[in-house]
Amino acid sequence: MDRLIKVDPTNTVPIRIEAGQKCHGKITLRNVMYTMPVAFRLQPLIKTRYTVKPQSGIISPLATVTIEILYHLPQASTLPHSFPHSEDSFLLHSVVVPGATIKEPSSMFESVPSDWFTAKKKQVFIDSGIKIIFVGSLILAHLVHDGSIDEIREALEHSEASWKSVDSVDSNGDTLLHVAISKSRPDLVQLLLEFNADIEAKDRSGMTPLEKACSLGEELIVELLLAHKATTERTETSSSLGAIHLSAREGHVEVLRLLLLKGANVDSLTKDGETALHLAVKHGEREFVRMLLANDARTDVRDSREGDTCLHVAAGVGDEEMVKLLLKKGANKEVRNFAGRTAYDVAAENGHAGVFDALGLGDGLCAAARRGEVRSIQRLIEGGAVVNGRDQHGWTALHRACFKGRVEAVRVLLERGSEVDARDEEGYSALHCAVESGHADVAEVLVKKGADVEARTNKGVTAVQMAEALGYVGITRVLESMGHVAEGEQHGKVKRKKKKMGKAREREIRGSFDRSMPLAVL
């Protein structure tokens with residue numbers, strides 16, 4: 001730089017390139033002389049490419065002047081001849097002009113005589129250090145596609161904040177962040193985030209940067225976006241799938257782990273009311289399903305189109321291992337979709353016989369319990385059978401064993417975690433089943449294991465009332481004596497008063513035994 005004029009803030013002039021707009025930039029010249037005015041002339045070496053306004057003028061001592069530089073794009077072109085740096089340069093002439101009349105710089109070159117800069121008797125300074133850098137949406141989009149991080153940084157540094165160049169979009173409608181993500185460039189993502197890129201901006205399909213990264217399985221980029229507080233939840237205005245759904249659909253387990261660590265809702269819904277579990281099951285992503293279930297994903301959520309649970313989905317595609325996994329984690333195979341079909345019905349409609357054993361009407365564990373086959377029960381549970389799974393009548397294996405009086409099977413099932421007070425659709429517990437069929441030994445085992453003696457069926461009948469109505473004196477005594485012990489342990493051994501049942505009440509209770517299924521089936 002010469003000793004008369006300083007270029008603020010640097011010798012590089014940013015010129016913004018935007019489609020359909022004037023391509024221009026500004027440069028500020030400062031007179032560094034304390035007492036003398038200075039004349040200047042700014043000339044492009046290639047005059048056909050640039051127009052300088054004003055091209056010359058006089059600057060008061062320590063004053064400044066702002067000059068506009070217009071760039072003329074080549075015809076039929078949307079980009080300059082080279083970018084971001086231009087090979088073009090400018091000559092800045094300056095000369096001290098003592099006693100000159102100070103006026104605002106004119107746009108006319110003739111406002112300053114040409115011989116001021118050529119007379120040998122004057123001390124004329126010439127600076128050729130002024131350079132051009134092209135910036136703007138078009139330039140940045142091309143630079144990000146090319147992936148030159150140094151040039152991108154320089155272009156961003158020379159962009160005015162008001163331009164928001166960091167949020168530029170390319171010709172496809174994708175932001176710079178989306179482009180960097182699609183190119184698997186976490187370094188570019190980090191750079192754009194340093195310049196405060198909009199982390200929730202949408203691409204042409206409505207995806208946020210986080211959703212884009214999740215769909216591609218870009219773990220490092222996902223981590224970067226989450227560290228910058230990217231939203232994990234799908235919004236109504238975003239794409240039909242959220243971040244967790246996209247990672248589920250594509251089976252990106254590590255991405256899911258990151259989302260869950262940041263508090264993503266494991267049961268959030270897609271536009272169609274599906275959860276990530278629905279999608280993972282549909283695409284056979286077992287590891288993903290296990291992780292979702294380990295994070296308490298609900299198995300009973302029904303989608304908004306068909307009313308299908310994830311078990312319906314697994315049955316529909318015939319994925320036997322997935323069906324077993326879901327049942328093991330407590331999925332209810334009796335849930336019906338909007339068409340009134342269970343998962344078994346869906347499997348049957350699609351001809352997936354391989355899942356019939358897991359979902360079928362004669363559930364293996366219930367059948368073994370009904371027959372009292374202790375070894376089969378143990379083998380089935382060890383093989384993944386759901387100990388509290390239900391058959392078509394809503395009975396668990398414990399209900400079956402109790403109704404048939406299989407006391408050893410009952411003990412094994414209770415040891416393996418059977419829920420002692422599970423109810424069927426009519427409100428029957430295992431204790432009701434044991435009492436109704438007259439098995440005192442089974443009833444005693446259940447009460448010792450904590451069965452609720454006061455539990456009532458849907459028609460309001462307790463096990464004691466049932467035993468009395470059926471004339472099972474021994475069972476009645478067992479229930480009352482065991483009931484006293486249980487009640488005493490919890491309430492300071494406060495005894496109940498036995499009430500004699502009238503004939504009318506006995507007939508009423510007997511009438512309540514009418515079932516929706518024949519006893520032969522039971």
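Of all residues in segment 109-142 being assigned to a loop (DSSP other than H, G, I, E, B) and out of contact with any strand residue (DSSP E or B) (no Cβ under 8 Å at 6 or more places or on another chain), which is modelled with the lowest pLDDT? Ranking the candidates gives LYS121 first.
Residue count for segment 80-108 satisfying the condition of being among the hydrophobic types (A, V, I, L, M, F, W, C), outside any strand (DSSP E or B) and at pLDDT 70 or above: 2.
Which ones in segment 340-355 are under 32 Å from the mean Cα position of the chain (by Cα) and in a helix (DSSP H, G or I)? Scanning segment 340-355 gives ALA343, TYR344, ASP345, VAL346, ALA347, VAL355. The residues of segment 382-401 that are in contact with a Leu (Cβ under 7 Å, 6 or more places away or on another chain) and part of a helix (DSSP H, G or I), listed by number, are ALA397, LEU398, ALA401. Hey, GLU425 hits all of (1) closer than 23 Å to LEU359 by Cα; (2) at pLDDT 90 or above but one; which does it fall short on? All conditions pass for GLU425, except number (2). Of the helices (runs of 4 or more DSSP H) that lie entirely inside segment 143-258, those containing 2 or more residues that are among the β-branched types (Val, Ile, Thr) and under 24 Å from ARG16 (Cα atoms) span 149-157. Only one of these is touching a residue at least 40 places away in the same chain (Cβ under 8 Å) and either farther than 23 Å from GLY206 by Cβ or not polar (S, T, N, Q) (or both): VAL253, VAL266, VAL281, VAL289. Name it. None of the others qualify; the one that does is VAL281.
Cβ separations smaller than 7 Å between residues 6+ apart or across chains give the following pairs from segment 471-490 residues that are more than 13 Å from LEU431 (Cα to Cα) and in a loop (DSSP other than H, G, I, E, B) to residues that are at pLDDT 50 or above and not basic (Lys, Arg): TYR472/VAL435; TYR472/GLY438.
ALA369 meets the conditions (1) under 24 Å from ASP296 (Cβ atoms); (2) in a helix (DSSP H, G or I); (3) at pLDDT 80 or above; (4) among the aliphatic types (A, V, I, L, M) in every case but one. The failed one is (1). The residues of segment 422-441 that are in contact with a Gly (Cβ under 7 Å, 6 or more places away or on another chain) and among the small types (Gly, Ala, Ser), listed by number, are SER437, ALA440. Taking the condition surrounded by 21 or more Cβ atoms within 10 Å (Cβ to Cβ) and under 14 Å from the mean Cα position of the chain (by Cα), does VAL222 pass? It is true that VAL222 is surrounded by 21 or more Cβ atoms within 10 Å (Cβ to Cβ) and under 14 Å from the mean Cα position of the chain (by Cα). Give the residues of segment 199-241 that are modelled with pLDDT under 95 and of a type in the set (Val, Ile, Thr), sorted by residue number. Once the filter is applied, which keeps residues that are modelled with pLDDT under 95 and of a type in the set (Val, Ile, Thr), segment 199-241 yields ILE199, THR208, THR231, THR232, THR235, THR237.
Of the candidates VAL323, VAL317, VAL355, the single residue that is buried (at least 16 other Cβ atoms within 10 Å of the Cβ) and modelled with pLDDT under 85 is VAL355. Output the number of residues of segment 276-316 satisfying the condition of being out of contact with any Asp or Glu (no Cβ under 7 Å at 6 or more places or on another chain) and more than 20 Å from SER247 (Cβ to Cβ). The number of residues fulfilling the criteria is 8.
Yes or no, residue by residue, for (1) buried (at least 17 other Cβ atoms within 10 Å of the Cβ); (2) under 45 Å from the mean Cα position of the chain (by Cα); (3) in a helix (DSSP H, G or I):
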{"position": "PHE403", "(1), (2), (3)": "yes, no, yes"}
{"position": "LEU413", "(1), (2), (3)": "yes, yes, yes"}
{"position": "GLY427", "(1), (2), (3)": "no, yes, no"}
{"position": "GLU444", "(1), (2), (3)": "yes, no, yes"}
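Among the residues of segment 260-270, at least one is modelled with pLDDT under 95, farther than 19 Å from THR208 by Cα and either assigned to a helix (DSSP H, G or I) or out of contact with any strand residue (DSSP E or B) (no Cβ under 7 Å at 6 or more places or on another chain) (or both). Restricting attention to segment 32-76, which residues are hydroxyl-bearing (Ser, Thr, Tyr) and either surrounded by 14 or more Cβ atoms within 10 Å (Cβ to Cβ) or farther than 18 Å from GLU87 by Cβ (or both)? Those that are hydroxyl-bearing (Ser, Thr, Tyr) and either surrounded by 14 or more Cβ atoms within 10 Å (Cβ to Cβ) or farther than 18 Å from GLU87 by Cβ (or both): TYR34, THR35, TYR50, THR51, SER56, SER60, THR64, THR66, TYR71. In the set (1) modelled with pLDDT under 90; (2) more than 26 Å from THR270 (Cα to Cα); (3) within 24 Å of the chain's Cα centre (by Cα), the condition left unmet by ALA155 is number (3).
The values are calculated or read from the model by the stated rules, or taken from the named source; none is laboratory data. Treat the numbers as computed from the prediction; the structure is a model and nothing was measured. Positions of Cβ are generated from backbone atoms using ideal geometry, with glycine treated the same way; all protein chains shown enter the neighbour counts.
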